Amino acid sequence: MITFIDAFLNRITMYRLVLYGLVALLVHACVLSALGFLSFGLVPLVTSLIVLLVVSVIVNEVCSRLFHAPSNSESSFITAFILFFILFPAQTATEYMLLAAAAALAIASKYVVAYKHKHLINPAVFGLVALALFGSGEAIWWIGSAALFPVVLAFGLLVVRKLRRYALPAVFLGTALVTSITFGIYNEFTLSDIALTFFLSGPALFFASIMLTEPLTTPPGRTHQIVYGALVGLLFGSQFSFGTLYSSPEIALFVGNIYAYAVSPKYRLKLLLKEKTKLAKNLFEFVFSTNEKVSFSPGQYFEWTLPHKNADQRGMRRYFTIASSPTEDDIRLGVRIEETRSSSFKKALMELGQGDIVAASSLAGDFVLPADTQKKLVFIAGGIGVTPFRSMVKCLLDTGERRDIVFFYANRSEDEIAYKELFEEARGLGIRMVYVVNEASSQWSGYKGFLTEDILRREVGDLKERVFYISGSHGMVTAFEGILQKSGVPTSNIRTDFFPGFA
């Protein structure tokens, strides 16, 4: 079952997964309403959603043109759905106007409350807090209904599985629960009532899995994410008031977003395509120029946005590792693109011409070299999973830094090996290159077949003393994690290059 779920999750972007999950919640809510299990009528539910969707799409299109920024319809739909599950369904003209105002403020905030094209606050949260400032407390978070709990739980687990950011929601839920219990006991509630309310009749699970993890307002790096989760959890479970603002999930996330902004990169780059080259069979490199110096660590990634017509289920946004080194002026992107099976995003990427623009933002990733240069390392790359290692090796070459590295690079065939000239140059730094080719010709002198545990042991005699970096397909990464763990390598010494999936 897990294999089937992972296969499904790997075929879909996080944005599309969230959108489909919200639609499933909508259908479930409408059925419950029709059967009388919700206190809201079906007509107010449907008409409220229509108003939110229409206003969100219109405001997004207007702002996109005014600010000359790329428009992302998926993001607007998601914001509208989230507001739908939080705000009181409208029944009067005034209530419909409040819904429209919330949607307009939320979408506009992506363009106005931003710095260098990067928005600061979760759009839905900004709309809710703005209404609260004007004394319109319409946020009731009815998504926390016990009747919706089963779907919310299943939806949330899929999102967390896709993200692989287990620590963030776990820290949030733990901190929020402890804080809620503390305040609950002070107010003379029983422990069982507090726990039931927290999980079954509150928005904690929806909040933790869907809103807390919004990519553009989540800090990069595991440490900052843990602090972020704890801070939001503490505020989520607390009881306080300040003027017209009262303790609420939206206030908690608003404050958390400010922290995330403070510790995150402050830009959204517009990259101009300089050149496009074929590295190897089905592997292409795109070189982009930027007039802004980008500070990053080798091995980190960007979220790349490329609006195009007839986008497939993988959408207009993808996460790709930066193939260039911080020592280089240009930004490089290495991508596998096959003619018959490529996504609409990759096809649009191939159609770019010199001078065309791609947006890059949300710099993040912990797949970076350890600060201790004396640590002995092993790199394991499969196919286009070699790109973070290209960034690392190029940086080591440019800085002259020496490290003890054994580098395994596995491919289906010899003509799929990318960046070989660079990696051969790295032998001068003491990096030991080991190539493994599955479909090798008779002239091939390296290992033939698949990269196996036997090859690892043959080339690396001190497995348990090394830190392993693995990058490649999901199946390959998972397989080698298992092999290394069975070989006695501590889990703390295994690093995997995993993108959060909004790609």
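The values are calculated or read from the model by the stated rules, or taken from the named source; none is laboratory data. Because the structure is a prediction, the values reported are computed rather than measured. Quick reminder, even Gly has a Cβ in these numbers, built from the backbone with ideal geometry, and neighbours come from all protein chains shown.
Please work out which residue is nearest to VAL437 (Cα to Cα), limiting yourself to segment 272-326 and to residues that are in a loop (DSSP other than H, G, I, E, B) and hydrophobic (A, V, I, L, M, F, W, C).
Selected residue: ALA323.
Looking at the structure I just gave you, is TYR469 of a type in the set (Phe, Trp, Tyr), touching a Leu at 6+ places or on another chain (Cβ under 7 Å) and not in a helix (DSSP H, G or I)? Break it down into steps so the answer makes sense when it comes.
Working: of a type in the set (Phe, Trp, Tyr): yes; touching a Leu at 6+ places or on another chain (Cβ under 7 Å): yes; not in a helix (DSSP H, G or I): yes.
Yes: the conditions hold for TYR469.
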**Message:** What are the pairs with Cβ atoms under 9 angstrom where one residue, in segment 167-179, is in the same structural domain as ILE251 (by TED's automatic domain parsing) and the other, located anywhere, is exposed (fewer than 15 other Cβ atoms within 10 Å of the Cβ) and not in a helix (DSSP H, G or I)? Sequence gap at least six, or different chains.
**Reply:** none
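If I filter segment 211-225 for residues that are over 23 Å from the mean Cα position of the chain (by Cα) and modelled with pLDDT under 95, do I get at least one hit?
Within segment 211-225, the first condition is being over 23 Å from the mean Cα position of the chain (by Cα), and the residues that meet it are none.
Among the residues of segment 211-225, not one is over 23 Å from the mean Cα position of the chain (by Cα) and modelled with pLDDT under 95, which makes the answer no.
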**Request:** Kindly provide the set of residues from segment 104-113 that are in contact (Cβ under 8 Å) with a residue 40 or more places away in the chain and not β-branched (Val, Ile, Thr), ordered by number.
**Result:** ALA104, ALA106, ALA108, LYS110, TYR111
**Complete:** Across segment 158-206, the tally of residues that are under 27 Å from LEU83 (Cα atoms) and of a type in the set (Phe, Trp, Tyr) stands at 5
**Item:** Only listed residue being without any contact (Cβ under 8 Å) to a residue 60 or more places away in the chain and assigned by TED's automatic domain parsing to the domain that holds MET211, chosen from ALA124, ALA101, ALA29
**Value:** ALA101
**Asked** Listed residues THR175, THR179; which is farther than 30 Å from THR47 by Cα, at pLDDT 95 or above and in contact with a Ser or Thr (Cβ under 6 Å, 6 or more places away or on another chain)?
**Response** THR179
**Request:** Might you check whether a residue that is without any contact (Cβ under 8 Å) to a residue 60 or more places away in the chain and either among the hydroxyl-bearing types (Ser, Thr, Tyr) or in contact with a strand residue (DSSP E or B) (Cβ under 7 Å, 6 or more places away or on another chain) (or both) occurs anywhere in segment 348-358?
**Result:** no
**Complete:** When segment 33-54 is checked residue by residue, the ones that are surrounded by fewer than 16 Cβ atoms within 10 Å (Cβ to Cβ) and polar (S, T, N, Q) are SER39
**Residue list for segment 161-216, restricted to those being surrounded by fewer than 14 Cβ atoms within 10 Å (Cβ to Cβ) and of a type in the set (A, V, I, L, M, F, W, C)** = ALA167, VAL178, ILE185, LEU191, LEU196
**Message:** Just to confirm my filter: which helices (runs of 4 or more DSSP H) fall fully inside segment 1-110 and include at least 1 residues that are within 20 Å of the chain's Cα centre (by Cα)?
**Reply:** 2-10, 14-34, 73-86
**Prompt:** Which ones in segment 247-272 are over 23 Å from PHE296 (Cβ atoms) and without any contact (Cβ under 8 Å) to a residue 24 or more places away in the chain?
**Reply:** SER247, ALA252
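Residue check: is ASP497 touching a residue at least 40 places away in the same chain (Cβ under 8 Å) and either assigned by TED's automatic domain parsing to the domain that holds ARG16 or under 25 Å from ASP366 (Cα atoms) (or both)?
Details: touching a residue at least 40 places away in the same chain (Cβ under 8 Å): yes; either assigned by TED's automatic domain parsing to the domain that holds ARG16 or under 25 Å from ASP366 (Cα atoms) (or both): yes.
For ASP497, the condition - touching a residue at least 40 places away in the same chain (Cβ under 8 Å) and either assigned by TED's automatic domain parsing to the domain that holds ARG16 or under 25 Å from ASP366 (Cα atoms) (or both) - is met.
Given the structure, is ASP329 without any contact (Cβ under 8 Å) to a residue 60 or more places away in the chain and closer than 30 Å to SER492 by Cα? Give the derivation first.
Numbers: without any contact (Cβ under 8 Å) to a residue 60 or more places away in the chain: yes; closer than 30 Å to SER492 by Cα: no.
So ASP329 fails the test.
Considering every residue within segment 429-445, establish whether at least one is under 18 Å from SER324 (Cα atoms) and either charged (D, E, K, R) or surrounded by fewer than 23 Cβ atoms within 10 Å (Cβ to Cβ) (or both). Give the derivation first.
Within segment 429-445, the subset under 18 Å from SER324 (Cα atoms) is none.
So far as segment 429-445 goes, no, none of its residues is under 18 Å from SER324 (Cα atoms) and either charged (D, E, K, R) or surrounded by fewer than 23 Cβ atoms within 10 Å (Cβ to Cβ) (or both).
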**Message:** Checking LEU283 against (1) more than 22 Å from LEU422 (Cα to Cα); (2) crowded, with 20+ Cβ neighbours inside 10 Å: exactly one of these is not met. Which one?
**Reply:** (1)
**Request:** Considering only residues that are surrounded by 18 or more Cβ atoms within 10 Å (Cβ to Cβ) and either farther than 11 Å from SER492 by Cα or in contact with an Asp or Glu (Cβ under 8 Å, 6 or more places away or on another chain) (or both), look in segment 464-473 and name the one that is modelled with the lowest pLDDT.
**Result:** GLY472
**Item:** Search result, residues across segment 126-144 that are surrounded by 18 or more Cβ atoms within 10 Å (Cβ to Cβ) and either β-branched (Val, Ile, Thr) or out of contact with any helix residue (DSSP H, G or I) (no Cβ under 8 Å at 6 or more places or on another chain) (or both)
**Value:** VAL129, ILE143
**Message:** Tell me whether segment 246-261 contains one or more residues that are surrounded by fewer than 18 Cβ atoms within 10 Å (Cβ to Cβ), outside any helix (DSSP H, G or I) and at pLDDT below 85.
**Reply:** yes
**Prompt:** What pairs come up if the first residue lies in segment 376-391 and is in a helix (DSSP H, G or I), the second is among the basic types (Lys, Arg), and their beta carbons are under 7 Å apart, counting only those six or more places apart or on different chains?
**Reply:** GLY383/ARG336; ILE384/ARG336
**Item:** Set LEU363, LEU369, LEU352, LEU333: member being of a type in the set (A, V, I, L, M), assigned to a strand (DSSP E or B) and surrounded by fewer than 23 Cβ atoms within 10 Å (Cβ to Cβ)
**Value:** LEU363
**Prompt:** Do we have any residue at all in segment 55-65 that's in contact (Cβ under 8 Å) with a residue 40 or more places away in the chain, surrounded by fewer than 21 Cβ atoms within 10 Å (Cβ to Cβ) and closer than 18 Å to VAL129 by Cα?
**Reply:** no
